[in-house]
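To start, the structure under review is shown below, and the notes come after it.
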Amino acid sequence: MKSPLLTLPGAVPAEGVDEGVAAHYGDLFREQRALADGTGFVDLSHRGVVTVSGEDRLGWLHLLLTQHVSELPPHRATEALILSAHGHIEHALYLVDDGETVWAHVEPGTQEALVAYLESMKFFYRVEVADRTADFAVVHLPAGSIAEVPEDVVVRETPYGRDLFLPRAELESYAEKAGPPAGLLAHEALRVEHHRPRLGFETDHRTIPHELGWIGSAVHLQKGCYRGQETVARVQNLGKPPRRLAFLHLDGSEVHLPPHGTELRVAEDGPDGRKVGFVTTSVRHHELGPVALALVKRNVPVDAHLMAGDTAAAQEVVVEP
């Protein structure tokens with residue numbers, strides 16, 4: 001779904017899964033600094049929006065999600081996952097309940113599969129599931145923003161800012177009042193700085209929550225059964241995940257960033273050394289320079305210097321080995 005804000009001055013379209021919104025508006029670092037200072041907004045209108053209403057909504061979702069939501073207070077933001085039977089991550093939901101309806105935004109293009117799964121699990125529960133992507137656009141206001149939020153708009157307030165579920169017809173008029181726009185690249189740079197995983201970027205078909213540090217923030221360990229819980233409990237109680245999320249400082253002399261999927265090797269093993277992981281997201285940060293998130297094998301020493309393709313990389317621990 002192409003955003004009308006792509007007509008704003010300087011807008012350069014994003015590509016790939018984020019197609020449909022602006023990657024930037026002509027000055028990546030200025031846009032990052034604005035978000036870090038609590039000004040401006042980010043157009044996330046390409047993300048999927050799913051709602052669940054009905055009196056059984058919280059208890060029913062509690063049975064399906066990794067998060068404890070049966071007693072979720074109105075207006076309290078949370079996040080949750082849906083796992084496969086083997087514990088692999090299939091969906092990531094960013095939730096808030098407004099007292100009558102649970103609102104969630106999800107990765108672009110995943111909403112149809114999510115709705116289909118939820119519909120298949122309704123049984124006798126009094127719930128209604130709807131894909132509201134055509135009607136509502138997600139807009140992000142950074143932490144510290146004093147931008148006005150229109151009355152009756154559902155808001156997810158988190159330590160990183162506020163996500164607005166804005167009626168799509170009001171997107172252009174709201175943009176005129178919300179301050180300078182910041183593109184998705186600026187939003188992604190701050191996400192990487194805060195070590196926050198993203199479905200489809202930090203995940204592949206076999207990722208489990210422990211590898212990304214999603215235990216606690218998206219996975220509650222003291223709740224009842226849900227699909228994939230056996231894997232979560234087994235790894236938590238008896239073992240360690242096979243991989244771990246790491247933060248990388250990349251060699252700043254390189255012109256190009258290593259793209260998603262770039263293989264990682266231990267530097268001292270040379271270019272023919274075994275693969276020990278891969279780059280998940282790489283960005284240029286306004287203060288840190290070129291940095292990245294990566295999934296590496298758990299047994300890779302935390303002080304090992306790595307090579308991301310031809311680019312040298314130093315690690316910071318995100319998930320303990």
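The values are calculated or read from the model by the stated rules, or taken from the named source; none is laboratory data. Since we're looking at a predicted model, the values are computed, not measured. Quick reminder, even Gly has a Cβ in these numbers, built from the backbone with ideal geometry, and neighbours come from all protein chains shown. Areas reflect the complete protein model, heavy atoms only, side chains present, ligands, DNA and RNA absent. Shrake-Rupley method; radii C 1.70, N 1.55, O 1.52, S 1.80 Å.
Here are the numbers for this structure:
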{"quantity": "Cα-based shape type of the range 203-321, given that a ≥ b ≥ c are square roots of the gyration tensor eigenvalues and the cut on a/c is 1.5", "calculated": "prolate"}
{"quantity": "Relative contact order (%) - criterion: Cα under 8 Å, at least six apart; region: the chain", "calculated": "19"}
{"quantity": "Gained length - Glu230 relative to Tyr117, 0.36 nm times residue gap less alpha-carbon distance", "calculated": "38.7 nm"}
{"quantity": "Accessible area (Å², 1.4 Å probe, nearest 10) - Thr51", "calculated": "10"}
{"quantity": "Heavy-atom accessible area order for Ser3, Ser217, largest first, 1.4 Å probe", "calculated": "Ser217, Ser3"}
{"quantity": "Whole-percent carbon and sulfur share, accessible surface of the range 137-205, 1.4 Å", "calculated": "52"}
{"quantity": "Heavy-atom accessible area per residue - the range 1-123, 1.4 Å, Å²", "calculated": "41"}
{"quantity": "FRET E, pair His260, Thr7, Förster distance 30 Å, beta-carbon r, rounded to 0.05", "calculated": "0.60"}
{"quantity": "Length-normalised contact order for the range 133-222 - Cα pairs under 8 Å, 6+ apart - percent", "calculated": "22"}
{"quantity": "Options Val317, Thr231, Phe278, ranked by Cα towards positive dipole end of the chain, top entry (Cβ charges)", "calculated": "Thr231"}
{"quantity": "Mean-position separation - Cα centroids, the range 211-231 and the range 100-148, in angstrom", "calculated": "21"}
{"quantity": "Stokes-Einstein diffusion coefficient of the chain, Kirkwood radius over Cα pairs, 10 °C, 1.306 mPa s, in µm²/s", "calculated": "77"}
{"quantity": "Cut-off 15 Å (backbone N to label point 7 Å along Cα→Cβ of Asp152), residues of the range 126-140", "calculated": "136"}
{"quantity": "Qualifying GluC sites (Glu not before Pro) in the range 251-321, DSSP loop, other Cβ atoms within 10 Å at most 13", "calculated": "Glu287"}
{"quantity": "Calculated from backbone phi, Karplus (6.51, -1.76, 1.60) coupling profile of the range 273-290 in Hz, x at Gly/Pro", "calculated": "x, 6, 6, 10, x, 8, 6, 9, 9, 10, 8, 9, 9, 5, 10, 8, x, x"}
{"quantity": "Taking the range 1-80 and dividing mean pair separation by its residue count, relative contact order in percent (alpha carbons under 8 Å, at least six apart)", "calculated": "19"}
{"quantity": "Taking the C-alpha atoms of the range 1-78, convex hull volume expressed per residue in Å³", "calculated": "151"}
{"quantity": "Computed lengthening from Arg206 to Asp37, 0.36 nm per intervening residue step minus Cα-Cα distance", "calculated": "57.1 nm"}
{"quantity": "Of Ala22, Val192, Leu141, farthest towards positive along the dipole that unit charges on Lys, Arg, Asp, Glu beta carbons give the chain", "calculated": "Val192"}
{"quantity": "Student exercise, the chain dipole from Lys, Arg, Asp, Glu Cβ charges, in Debye to nearest 20", "calculated": "920"}
{"quantity": "Length gained when the stretch Leu238-Lys177 is fully extended (0.36 nm per residue, less Cα-Cα span)", "calculated": "16.7 nm"}
{"quantity": "Theoretical ellipticity at 222 nm over the chain - DSSP helices of four or more residues, -39500 (n - 2.57) apiece, nearest 500", "calculated": "-4500 deg cm²/dmol"}
{"quantity": "Charge-dipole axis of the chain as Lys and Arg at +1 and Asp and Glu at -1 on Cβ define it, positive-most pick from Met121, Thr7, Pro181", "calculated": "Met121"}
{"quantity": "Percent carbon-and-sulfur accessible area, the range 1-75, ignoring ligands, DNA and RNA, probe 1.4 Å", "calculated": "54"}
{"quantity": "For the range 241-316: accessible area per residue (Å², 1.4 Å)", "calculated": "47"}
{"quantity": "Proximal lysines to Lys223, defined as alpha-carbon separation beneath 23 angstrom and excluding residues fewer than eight positions away on the same chain", "calculated": "Lys122, Lys240"}
